[in-house]
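**Q** Below: one structure in structure tokens.
The values are calculated or read from the model by the stated rules, or taken from the named source; none is laboratory data. Predicted model, so just to flag it, every value in this text is computed and none were measured. Cβ placement follows ideal geometry from the backbone for every residue including glycine, while neighbour counts extend to all protein chains displayed.
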């Protein structure tokens, strides 16, 4: 007869198994969710009912955790319980968890055209390698981890292409109850994130002279063998925006600005999705494609014209 195990015991066995076939960054994220949320609640129990999970969800909402974060926690809970159920250490029946209805905030942070021009003009006139990163993001929609990981060999000035194939992030490592962080240079999370983005003429003109003289293995932002990490670069970007008196938007707003400018220029959605490295086109549509009042009026007019 198979012996029942506690949730904490199953977690230890699951971790050994999971570590063999997921990326280090994914594994560290799972462990962090377990340590911060699931183990404090369920460590000693050997059965978990839907009602307990529902109460856990309400508790987390009260503590200010977002629905998305809670859903991420429950994904890990489900993985551990399915693993335990496979070996008959715990019983698992899929949960049907209810969330309070919330009105989704559809607005995303984007630079206005005027502010975007101001930033780009300033960087052209005040060139530094760190400023260049902001310019590249506005021209390519790259994520902060991707720009920090970019090396000169990824920039192909002969074909006018940026090859995006690496990302950098600081991850939490929890070993023997002790926490430390580690800077990890790795491939992007999904295969769609590995992509080629063509350069604009201005960007190509800016990069061509450097490409002839730089060390191809150096990181673009530092022009050195040592990279800058996202947290440090975020702080630099924040100060740059303050200096230029641009309303504060997160660094990720540069990526949103790139995507928004593409959509405004009537680029087809599939191409925008591929340029951004989204795993599917629905992500792009949900984020950036919101018909304005003018487009809605046009749709109504066309419908009634067709009826006449």
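**Q** Quick check on my filter: what residues within the stretch 254-290 are within 17 Å of residue 188 (Cβ to Cβ) and not in a helix (DSSP H, G or I)?
**A** 277, 278, 279, 280 - these are the residues of the stretch 254-290 that are within 17 Å of residue 188 (Cβ to Cβ) and not in a helix (DSSP H, G or I).
**Q** Something else about it: Quick one: residue 232 ticks every box in (1) surrounded by fewer than 19 Cβ atoms within 10 Å (Cβ to Cβ); (2) modelled with pLDDT under 95; (3) touching a helix residue (DSSP H, G or I) at 6+ places or on another chain (Cβ under 9 Å); (4) not in a loop (DSSP other than H, G, I, E, B) except a single one, so which number is it?
**A** Unmet for residue 232, out of (1) surrounded by fewer than 19 Cβ atoms within 10 Å (Cβ to Cβ); (2) modelled with pLDDT under 95; (3) touching a helix residue (DSSP H, G or I) at 6+ places or on another chain (Cβ under 9 Å); (4) not in a loop (DSSP other than H, G, I, E, B): (2).
**Q** Evaluate the following for residue 25: is it more than 22 Å from the chain's Cα centre (by Cα) and either under 17 Å from residue 175 (Cα atoms) or surrounded by 13 or more Cβ atoms within 10 Å (Cβ to Cβ) (or both)? Reasoning before the result, please.
**A** Values: more than 22 Å from the chain's Cα centre (by Cα): no; either under 17 Å from residue 175 (Cα atoms) or surrounded by 13 or more Cβ atoms within 10 Å (Cβ to Cβ) (or both): yes.
No, not satisfied.
**Q** Another one. Considering only the stretch 59-88, state which residues are out of contact with any helix residue (DSSP H, G or I) (no Cβ under 9 Å at 6 or more places or on another chain) and either surrounded by 14 or more Cβ atoms within 10 Å (Cβ to Cβ) or closer than 16 Å to residue 10 by Cβ (or both).
**A** 78, 82, 85, 86, 88
**Q** Okay, moving on. Across the stretch 186-220, what is the total count of residues that are within 16 Å of the chain's Cα centre (by Cα), loosely packed, with under 15 Cβ neighbours inside 10 Å and not in a loop (DSSP other than H, G, I, E, B)?
**A** The number of residues fulfilling the criteria is 1.
**Q** For the stretch 173-184, give me each residue that is loosely packed, with under 15 Cβ neighbours inside 10 Å and farther than 18 Å from residue 40 by Cα.
**A** 180, 181, 182, 183, listed by residue number.
**Q** Here is a further query. Taking the stretch 34-47 as the search range and keeping residues that are in contact (Cβ under 8 Å) with a residue 40 or more places away in the chain and in a helix (DSSP H, G or I), which one is surrounded by the fewest Cβ atoms within 10 Å (Cβ to Cβ)?
**A** Out of the qualifying residues, it is 35.
Table: residues versus (1) without any contact (Cβ under 8 Å) to a residue 40 or more places away in the chain; (2) at positive phi; (3) in contact with a strand residue (DSSP E or B) (Cβ under 7 Å, 6 or more places away or on another chain).
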| position | (1), (2), (3) |
| --- | --- |
| 111 | no, no, no |
| 114 | yes, no, no |
| 123 | yes, no, no |
| 142 | no, no, yes |
| 147 | no, no, no |
| 155 | no, no, yes |
| 158 | yes, no, no |
| 181 | yes, no, yes |
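For (1) within 27 Å of residue 118 (Cα to Cα); (2) in contact with a strand residue (DSSP E or B) (Cβ under 6 Å, 6 or more places away or on another chain), each residue gets a yes or a no:
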{"site": "200", "(1), (2)": "yes, no"}
{"site": "229", "(1), (2)": "yes, yes"}
{"site": "242", "(1), (2)": "yes, no"}
{"site": "265", "(1), (2)": "yes, no"}
{"site": "271", "(1), (2)": "yes, no"}
{"site": "281", "(1), (2)": "no, no"}
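**Q** Within the stretch 267-280, identify whether any single residue is more than 21 Å from the chain's Cα centre (by Cα) and either modelled with pLDDT of 90 or more or loosely packed, with under 10 Cβ neighbours inside 10 Å (or both), and answer yes or no.
**A** yes
**Q** State yes or no: is residue 240 surrounded by 16 or more Cβ atoms within 10 Å (Cβ to Cβ) and under 18 Å from residue 146 (Cβ atoms)?
**A** For residue 240, the condition - surrounded by 16 or more Cβ atoms within 10 Å (Cβ to Cβ) and under 18 Å from residue 146 (Cβ atoms) - is not met.
**Q** Of the conditions (1) more than 30 Å from residue 227 (Cα to Cα); (2) under 23 Å from the mean Cα position of the chain (by Cα), residue 55 satisfies every one except a single condition; which number is it?
**A** Answer for residue 55: the failing condition is (2).
**Q** Any residue at all in the stretch 26-33 that is out of contact with any helix residue (DSSP H, G or I) (no Cβ under 7 Å at 6 or more places or on another chain), outside any helix (DSSP H, G or I) and under 28 Å from residue 176 (Cβ atoms)?
**A** Checked the stretch 26-33: no residue is out of contact with any helix residue (DSSP H, G or I) (no Cβ under 7 Å at 6 or more places or on another chain), outside any helix (DSSP H, G or I) and under 28 Å from residue 176 (Cβ atoms).
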